[in-house]
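A short write-up of the structure that comes next.
What follows draws every value from the coordinates through simple rules; no lab data is involved. Predicted model only: the values in this text are computed from it and were never measured. Here the Cβ positions follow ideal geometry from the backbone for every residue, glycine too, while neighbour counts run over all protein chains shown.
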C-alpha cells in the first residue's frame, strides 16, 4: 500500500474554516454565560446591577492587561 502524504494534508486554501472560526461561537457563548452568572451572583449578594457590571468589566480589563504583559 502506497501512502501519498500530499493528498492527506489539505492545503490552507482547502480548509473550510479556521480553528478560530470553529471555536469562536462556543467561546462567546461560554463567556456570555459566565458573565451572566457573575452578574446574577453579585446582584443576589446585594450589589446593584451597575456595580456588578463595572466589577466584571474591571476584571476583564485586568485579565486582558495581564495577558498582554505576559506576551510582551
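Ellipsoid fit via the Cα gyration tensor, region 11-71: semi-axes of 32, 16, 6 Å, each the root of five times an eigenvalue, largest first.
Packing, taken as the mean count of other beta carbons within 10 Å per residue, orders the peptides 40-47, 65-72 from highest to lowest as 40-47, 65-72.
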